[in-house]
Every structure is written in C-alpha cells, then in structure tokens.
Amino acid sequence: MTHPPEDTHTPLPEIPRPLHTDHPVLAAVLAELRVRERQSTVVAHYEDAP
Amino acid sequence: MTTHPHRHPHPNWPHRSLDTTAHRPTPFRQFVLKIHSRCNLDCTYCYLYQGPDQGWRDRPARTAESTMRRAAARIAEHVRAHRLDHIRIELHGGEPLLAGPGPVLDYARAVREAVPADCRVTATVQTNGTRLTAAVLERLAAAGVRVGLSLDGGLGAHNARRVDHAGRPAWPAARSAALRLAAHPETYAGILCTIDLAADPREVYRSLLELRPPGVDFLLPHANWADPPPGTRPLLPGRHRPRPTPYGDWLATVFDAWWDEGRLRTRVRLFQEIAALLLGAPSGAEAVGLSPMAAAVVETDGAIEQVDSLRSAYEGASETGLDVFRHSFDRALRHPGVAARQLGERALADECRDCPVGKVCGGGNYVHRYAPRSGFLHPSVYCADLERLIRHVAHRLNQTVHEST
C-alpha cells in the first residue's frame, strides 16, 4: 500500500553519490555509472520480448 | 506492408496533437529485427499472441533474405548519417530460433557487413530456450551472438503458464538451455522474467540465481487503464492514493534480497536503473527515467514499427506505415509515437510533473500509460506500485550511502 495521501508529496531524499563503498551491490551500481558517464548520450533501451 | 484498418483509431496524444518537428530527435541505437513471426509456445499471458493486436497473422512467418539485406542497408545508412560508433541489434520473434540458428546468423552477419567498420554491433537473440540445443548455442557463440532467455522463474511451477500449443510445459527444455548458457557466460545475456504475483518473490529470485544469469530484468505484465494489471481493479487514469501496491511490494521484496546478498550475484536492471536515477544519473532502460527511447523494430515483411509491447494497448498501436524498402529510419524518428518517447519530461502528464518521484519514475513504461481515446498522456497504471518501489529503494540506498561515508 502507498503512504496515506497526505504523505505522497514528500520529496525523495537527496542522495550524494559516494566515491567509494564497501557495499558490493552499490559498488556495482557505481561502476556502471562510471561507464555511463563516458557516453555522450544515454538512451533508454527496449528490454522486452513477447 | 501489413497495415490494419485500426478498429481502434490512434488516440489523441501523441498521434493527433504532438508537433513532431518541435524537438531534435535522438538517433536509433537499438534495432529489434524480427526473424520469425510465429512461436512454438502458447503462453497464456502473451501480449502478442493473446493480445488485442492479431496483425502477426498477416505477416510472413519468416524474414526473407532480401528483407534482411534491405534492413541492414537502412541500418548502415542510419549509422553513417549519425556517425554512431555502437549499435545493438536484438534478434526477436515470435521464437527467433524456430527455423534454427541460420536466419539469426544471416541477419547478424548482414548488419555487421553493412555498417562501417568503426561501428561496433552487439547482437543478442531473445529466445524461449526450447530450441537452444548445444549445437545451436555453439554456432551462436562462435558468431558472437549473445543469448537472452525468457523465463518466469527458475522452477517448473513458475513457468506453468509457458506451454506449447499442445499444452506441454516448455520448462524442461528451457531449463536445459539455461544450464547450457551458464556454461557459456560470455554468450549469456541474461533472463527476462515477467512478474506473476502468485509466485513468491524470494523464491523466484533465488531460483533464478541457480541458473547463473549475468543479469535479470523483472518485467511488469503489460497493462493499461483499460486493461488493468492482473489482480487489480480498473480505475480512470490518474494518480490515485492510497492504493494497494502488490507489484511494488513484490519488487521491493526482491530488491531487499538482491541488495542484502553480500555480493553481486546478478545484475537486476530495474533496480540498478532506479538506483542510478536516485544518484542523479540518467536511465538506460525504458521502464523508468526520462532518457530518450532509441529503439526501432523491423518486422518480417520489412515494416518499420515501434516496440512490440505497444500491441498490448490496441490493434495497430505499433505501426508507423513505414518500411525499409521505401523509408529511412530518419523518417521514423518523426513519427508521433517515436517522437513522444524522446521528449523526456515534456511527455509526462501533469500529475507526473508534479509528483515528487516523477523524475525517477519518468511515468514508467510508456505502454502502461495508455487509455482509450485520450492516449498516452497519463500516469502509468502502475503509478502507485512504482512510487512504492522507488521510495523503498531510495530509503535503502540512502541508508547504505550514509553508512558508507
């Protein structure tokens, strides 16, 4: 269930991008972001199939 | 080319009211090339063969070599015009391996030979796995064609809806294919898994890990405001609150299992994209975020279309009226449906622009915003589920980042 209606306008937290982390999954996310930063244009890919 | 009389005419937005000359298009970088328009499976939930658009019946079952060559030449034309250094081709069906690996290899070779030498081509075939024998896999691997599998989990029970036309389960053959792929990690692209609320999310995730995919993409079942997700009731389009969030809850459970694993056992695209967006980066997937969609489809008869999932909305929804014999891909970039998916925030409904999670959610998958007549300028029918998941990921990510610093 979503939050009550009065809470659904709460902003998302501002999350700073850490330079390093010991968290293995976050580290993988950050590694992928470093690769993405080298791309001139980031596009949305289709990931689906009937 | 196959076009249909549109028993459901194109809706107001974007087809009748969007000025497609008012933005600078982003070139296509992903080409979904249909190999075979039939499937040996008859999955009970398939949005293509069980959905409202039966246009596949009028198309040739297989793509002719001449169509492959023409499509490859059009792709090369697009690559040269926009100086692209990398494109992706996705070899799709139906079941693309229905006629063996030959047509898949021919199409991939045609594209690679047509594009300039400095353009890298990543080729992936997306299969149900039932025809992926050891010999087929060896040939695909040797040609540098990656293989993606469509499965609903890593147990037979999860795949009970995936049956052939005689009702026999696809799972035994698909499982063998997954195990073969696990032994070829360089060729294994990953698994697409459509969410079934009846399945336990932890069990689905754990069982998929046993198949050792490098990546998993959890897909929301295609639905819209006229045809709501399984297990939910119909509503008028809007940002309804409070709302039950069964799909958001399901995904949040899987997220926790993935995040708390202690090591990265597989990439989960949806979660990684949400985390990226929360950290201020653009998205690389259509499910969330505001990045321009850069995919075009070439059907077995050479028609240039938008992505297949649009067919879940109404008959003819994916059609552009263009084809590789007469038209360039640049022409397709000016189609209202294509342009609408490259507008970022300008393609969002008012409720989404005002929503605190709107820039991360991005309105969700465009397909899920559809309502008859008015079209796609609505929040996603999964709006509440997406907010539930995004707030959950934000909370966990924020916690982890602050523990790290």
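The values are calculated or read from the model by the stated rules, or taken from the named source; none is laboratory data. Because the structure is predicted, anything quoted here is derived from the model rather than measured. Note that we place each Cβ from the backbone using ideal geometry, even for glycine, and neighbour counts take in every protein chain shown. We work out accessible area using only protein heavy atoms, side chains counted, and drop any ligands, DNA or RNA first. Shrake-Rupley method; radii C 1.70, N 1.55, O 1.52, S 1.80 Å.
Here is the figure for segment B:370-405: residues that are more than 13 Å from B:LEU348 (Cα to Cα), in a helix (DSSP H, G or I) and either of a type outside the set (Ser, Thr, Tyr) or more than 9 Å from chain A (Cβ to nearest Cβ) (or both) total 19. For segment B:111-128, filtering for residues that are surrounded by 14 or more Cβ atoms within 10 Å (Cβ to Cβ) and in contact with an Asp or Glu (Cβ under 7 Å, 6 or more places away or on another chain) leaves 5. Can you confirm whether B:SER380 is at pLDDT 95 or above and in contact with an Asp or Glu (Cβ under 8 Å, 6 or more places away or on another chain)? Criteria not met by B:SER380.
If the condition is being in contact with a helix residue (DSSP H, G or I) (Cβ under 6 Å, 6 or more places away or on another chain) and open to solvent by 20 Å² or more (accessible area, probe 1.4 Å), then segment B:268-277 contributes only B:LEU277.
Quick check, is B:VAL367 open to solvent by 10 Å² or more (accessible area, probe 1.4 Å), assigned to a helix (DSSP H, G or I) and in contact with a Ser or Thr (Cβ under 8 Å, 6 or more places away or on another chain)? The answer is no for B:VAL367.
Screening B:LYS359 with (1) more than 24 Å from the chain's Cα centre (by Cα); (2) of a type outside the set (S, T, N, Q); (3) open to solvent by 10 Å² or more (accessible area, probe 1.4 Å) gives one miss only, at (1). Determine which member of the set B:ALA183, B:ALA174, B:ALA223, B:ALA252 is in contact with a helix residue (DSSP H, G or I) (Cβ under 8 Å, 6 or more places away or on another chain), at pLDDT 95 or above, among the aliphatic types (A, V, I, L, M) and over 27 Å from B:LEU48 (Cα atoms). On inspection, the qualifying residue turns out to be B:ALA252. State which residue is nearest to B:ALA73 (Cα to Cα) when the search covers only segment B:27-51 and only residues that are among the β-branched types (Val, Ile, Thr) and open to solvent by less than 20 Å² (accessible area, probe 1.4 Å). Going through the qualifying residues, I end up with B:VAL32. When restricted to residues that are under 21 Å from B:ALA199 (Cα atoms), more than 22 Å from the chain's Cα centre (by Cα), open to solvent by less than 60 Å² (accessible area, probe 1.4 Å) and not hydroxyl-bearing (Ser, Thr, Tyr), segment B:225-239 contains 0.
The listed residues are B:PRO214, B:PRO282, B:PRO242, and the only one of them that is open to solvent by 50 Å² or more (accessible area, probe 1.4 Å), over 27 Å from B:TYR314 (Cβ atoms), at pLDDT 95 or above and facing another protein chain (nearest Cβ under 7 Å) turns out to be B:PRO282.
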